[in-house]
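Written below as structure tokens is the structure these notes are about.
The values are calculated or read from the model by the stated rules, or taken from the named source; none is laboratory data. Not measured: the values here are computed from a predicted model. No Cβ is skipped: glycine too gets one built from the backbone with ideal geometry, and neighbour counts run over all protein chains shown. Surface areas here come from the heavy atoms of the whole protein model, side chains and all, with no ligands, DNA or RNA. Shrake-Rupley method; radii C 1.70, N 1.55, O 1.52, S 1.80 Å.
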Amino acid sequence: MEANGNAGRFGLEGDPDLQFLLKGGDLLKVKSKSWRKTRLFRLNEDCKTVWQQTSKTFKSDSSFSLEDIDSVRYGRQTEGLQKYTDSSVEDRCFSIIFKGRRKNLDLIASSKEEAKRWVSGLEKVMTGMHSLNRQQNSEHWFYNCMRKADKNADNKMSLKELKHFLRQINIEVDDSYAEMLFKKCDTSNSGTLEGSEIKHFYDLLTYREEIDVIYGKYASTNGQMSSGDLLYFLQNEQRESVSLEYAKKLIEKYEVDETAKQNKYMSKDGFLIYLNHEEGSIFNPAHKPIYQDMHQPLNHYFISSSHNTYLMEDQLKGPSSTEAYIKALMKSCRCVELDCWDGANGEPVIYHGHTLTSKVLFKDVIKAIKEYAFKTSQYPVILSLENHCSTEQQKIMAHHLTSILGSALLTQPLGHQMPNTFPGPEELKGRFLIKGKRLNKLDAAFNNNATEDVDSVSEEDEAAELKEAEQKPKEKSSKKIKLAKELSDLVIYCKSVHFSNFEHSRDNQAFYEMASFKESKAMNLAENSATAFIHHNMDKLSRIYPAGSRTDSSNYNPVPLWNAGCQIVALNFQTPGKEMDLNQARFLPNGKCGYILKPEFQRDPASQFDPANLRVGPWLKRKTLHVMIISAQQLPKINENKQKSIVDPQVKVEIYGVPDDIASKQTHHIDNNGFNPQWNTKFQFTIHVPELALVRFVVEDYDAASHNDLIGLYTLPFTSMQNGYRHVPLLTKRGNLIPSAGLFVHIMALDA
């Protein structure tokens, strides 16, 4: 049975939860108070897709891929279920959360046990899928495509079906080549391929000449790669400082031939499996866990930050949702924004003020934040409050913050005396910090200085700047808002203040007082006063936010702001694109924890670093980067609806960092081959400040007549790249892994 074979790949053969999913069952699908329909769901035998009945009346159905699922949540853990169901069905509810903008699937099972089996079963199969290495995923994908091409489902492949299959896997060949392949594999002369003939066809089609060449060069022990040969390859080609013991461990881990394993040899198959695992990846596995010093003051780190976190789409009429906070936090975002306004029934709401964006209750957002803040990272979360509420509703906000977040909310500076610098992320693990206005100095928290229950402070936030920009110059004035003491007292290390100039800030701004800069102001300072901006950020926090004119939720380039040492460079997480790719790359190392330690030259008061004027200094560690784009494997089709549409791939390599390091080079395109294109194209780049450089690989479908379409991409810090022959995983535009696709490259970074 097909399901058993696929289950075996995931290590789940005979698993009772898997058998439960394959059998399937009725679930109540919930869309609103009035829309609840019973629908049949079951896992398909490919163990990769779920079949769902979409209508009882028309007997229609559809499937969705497990690859499209972001997570499965047990209980009433979505806005929909909280809004449209009663707490009495809590333990029978679960939700399937999809990647991208696809709506959640909210479901109610007939019992608590059944709901838990759906959740645990789906999680098991998804974990099994993700545990497959790229080579196993490739093989799985290949045979799934083959099954689709087998139109009459007889487990045999005719020449016509083979031609259809080749187009399906993104490769265009002429009829004579297809016939030659077919005859070579049809050893039984039956006119169809079956069994071992299909395996032979797979081996022929997936043969990688470049791997043969590399293996042949280093396998110098009777045509085999001994542990000594492998060590030589690792030290001389991959530039790794490793021992013979390490080489033997790789053989033990990845060799598939038992005889070779016993003799401490690595076969060509084992060598390819090693290259497809994390040791052979371009991303240095030593940078995967938390490896940086997490005891430095908070302002010494870049902090993954979101702007208008509540929005799922644009800034004018898009929906506001707790789901947007959950998605950002699950990506280890550590600074989220809450735009707070007076709501009905005395309950404050969050939305983009004076627009048609929908509203969500402040308390529901705080509950969601409490639930999801520390699932992917234990390091502190900053809640950036844009406060437009009356003092009455500010008191309600303070109540919700203290009652929901409890002891996790920081309400006093750490220690027993007034601090003069920030604590580190390690000291603030599991804590929430409030960024907002404060009525008095922080030392009042120790001295019990009395303040009025309500007082006025200047309004300094994005909304105020937008309103000011709309006024004529003579109408501009300092605005005041009333602030409730209960809310003010919750602001500890992130007190919002107005920025005048660097000299004024140096003389008058306490370390815990931080300014927010709109992107144009920040870009101007980063370009014209970079060294002063860097020194400002050595003992203070700075937050940057997108221009109000970006009503489509587009993003600005964060790199110049990181170059200037700005920590909280807030982006619209809901909008995919180059800017979010760069953000994902900046926070890829160090356990994806949302905090990256800034380079020493951005923390040392003696530093005179200027990104645009690279004088001699500790930041100047010039490297020559040699990149060879060798090949790609199993690139996805761009237009799935057109069977004859085959991609013409080309690869761009881009460098982002200080101005002198910005560069872009690209290969030629290859006609009609997304399955196994080869370029063997060499590039050379000069990197002046490697600690701030990011390297981006972009694979596009070349089009002479119009804009090239994105196939896949991958971005990482220069300092996290491994030398040698490496596989590069590819992600979609939304940052999700494309399981079977990848690039094969050679990297060499040398001192210049």
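Data overview
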{"quantity": "Flag for residue 513 being buried (at least 20 other Cβ atoms within 10 Å of the Cβ), acidic (Asp, Glu), without any contact (Cβ under 8 Å) to a residue 40 or more places away in the chain and more than 19 Å from residue 308 (Cβ to Cβ)", "calculated": "yes"}
{"quantity": "Odd one out for residue 618 among (1) outside any loop (DSSP other than H, G, I, E, B); (2) of a type outside the set (Asp, Glu); (3) over 27 Å from the mean Cα position of the chain (by Cα)", "calculated": "(1)"}
{"quantity": "Residue in the range 696-706 that is in contact with an Asp or Glu (Cβ under 6 Å, 6 or more places away or on another chain) and open to solvent by less than 10 Å² (accessible area, probe 1.4 Å) present", "calculated": "no"}
{"quantity": "Flag for residue 637 being part of a strand (DSSP E or B) and basic (Lys, Arg)", "calculated": "no"}
{"quantity": "Flag if residue 323 is open to solvent by 50 Å² or more (accessible area, probe 1.4 Å), over 25 Å from residue 603 (Cα atoms) and modelled with pLDDT under 95", "calculated": "no"}
{"quantity": "Search result, residues across the range 105-118 that are open to solvent by 50 Å² or more (accessible area, probe 1.4 Å) and either closer than 30 Å to residue 313 by Cα or without any contact (Cβ under 8 Å) to a residue 24 or more places away in the chain (or both)", "calculated": "112, 113"}
{"quantity": "Members of the range 477-510 that are charged (D, E, K, R) and without any contact (Cβ under 8 Å) to a residue 40 or more places away in the chain", "calculated": "479, 480, 503, 506, 507"}
{"quantity": "Subset of the range 424-453 [touching a strand residue (DSSP E or B) at 6+ places or on another chain (Cβ under 8 Å) and either modelled with pLDDT of 95 or more or buried (at least 17 other Cβ atoms within 10 Å of the Cβ) (or both)]", "calculated": "425, 431, 432, 433, 434, 435, 436, 437, 438, 439, 442, 445"}
{"quantity": "Where residue 556 falls short, out of the listed (1) surrounded by fewer than 24 Cβ atoms within 10 Å (Cβ to Cβ); (2) in contact with a His (Cβ under 8 Å, 6 or more places away or on another chain); (3) aromatic (Phe, Trp, Tyr)", "calculated": "(2)"}
{"quantity": "Some residue of the range 661-668 being over 27 Å from residue 331 (Cβ atoms), at pLDDT 95 or above and among the basic types (Lys, Arg)", "calculated": "yes"}
{"quantity": "Checking residue 384 against (1) in contact with an Asp or Glu (Cβ under 6 Å, 6 or more places away or on another chain); (2) at pLDDT below 95, the condition it does not meet", "calculated": "(2)"}
{"quantity": "Residue in the range 281-289 that is under 28 Å from the mean Cα position of the chain (by Cα) and under 26 Å from residue 203 (Cα atoms) present", "calculated": "yes"}
{"quantity": "Only one of 179, 210, 123 that is over 33 Å from the mean Cα position of the chain (by Cα) and at pLDDT 80 or above", "calculated": "179"}
{"quantity": "Subset tally (residues that are touching a Pro at 6+ places or on another chain (Cβ under 7 Å) and open to solvent by less than 10 Å² (accessible area, probe 1.4 Å)) for the range 358-378", "calculated": "1"}
{"quantity": "Residue match in the range 342-353 (condition: open to solvent by 10 Å² or more (accessible area, probe 1.4 Å), small (Gly, Ala, Ser), out of contact with any strand residue (DSSP E or B) (no Cβ under 7 Å at 6 or more places or on another chain) and without any contact (Cβ under 8 Å) to a residue 40 or more places away in the chain)", "calculated": "yes"}
{"quantity": "Test: residue in the range 358-367 that is over 18 Å from residue 335 (Cα atoms) and at pLDDT below 90", "calculated": "yes"}
{"quantity": "Conditions (1) open to solvent by 70 Å² or more (accessible area, probe 1.4 Å); (2) in a loop (DSSP other than H, G, I, E, B); (3) touching a residue at least 24 places away in the same chain (Cβ under 8 Å): number failed by residue 77", "calculated": "(1)"}
{"quantity": "Failed item in (1) within 23 Å of residue 104 (Cα to Cα); (2) open to solvent by less than 10 Å² (accessible area, probe 1.4 Å); (3) not in a strand (DSSP E or B), with residue 336 passing the rest", "calculated": "(3)"}
{"quantity": "Condition broken by residue 644, with the remaining ones in (1) in a strand (DSSP E or B); (2) basic (Lys, Arg); (3) at pLDDT below 95 satisfied", "calculated": "(1)"}
{"quantity": "Residues located in the range 656-702, provided they are farther than 21 Å from residue 645 by Cα and of a type in the set (A, V, I, L, M)", "calculated": "658, 662, 663, 687, 689, 692, 693, 694, 695"}
{"quantity": "Count of the range 351-369 residues which are more than 14 Å from residue 78 (Cα to Cα), part of a helix (DSSP H, G or I) and basic (Lys, Arg)", "calculated": "1"}
{"quantity": "Selection count where residues are within 12 Å of residue 97 (Cα to Cα), open to solvent by 50 Å² or more (accessible area, probe 1.4 Å) and assigned to a strand (DSSP E or B), scope the range 60-74", "calculated": "2"}
{"quantity": "From the options 492, 544, residue that is open to solvent by less than 20 Å² (accessible area, probe 1.4 Å), under 29 Å from residue 614 (Cβ atoms) and either touching an Asp or Glu at 6+ places or on another chain (Cβ under 7 Å) or not charged (D, E, K, R) (or both)", "calculated": "544"}
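Here is a yes/no grid of residues against (1) acidic (Asp, Glu); (2) open to solvent by 10 Å² or more (accessible area, probe 1.4 Å):
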{"position": "572", "(1), (2)": "no, no"}
{"position": "575", "(1), (2)": "no, yes"}
{"position": "600", "(1), (2)": "yes, yes"}
{"position": "605", "(1), (2)": "no, yes"}
{"position": "609", "(1), (2)": "no, no"}
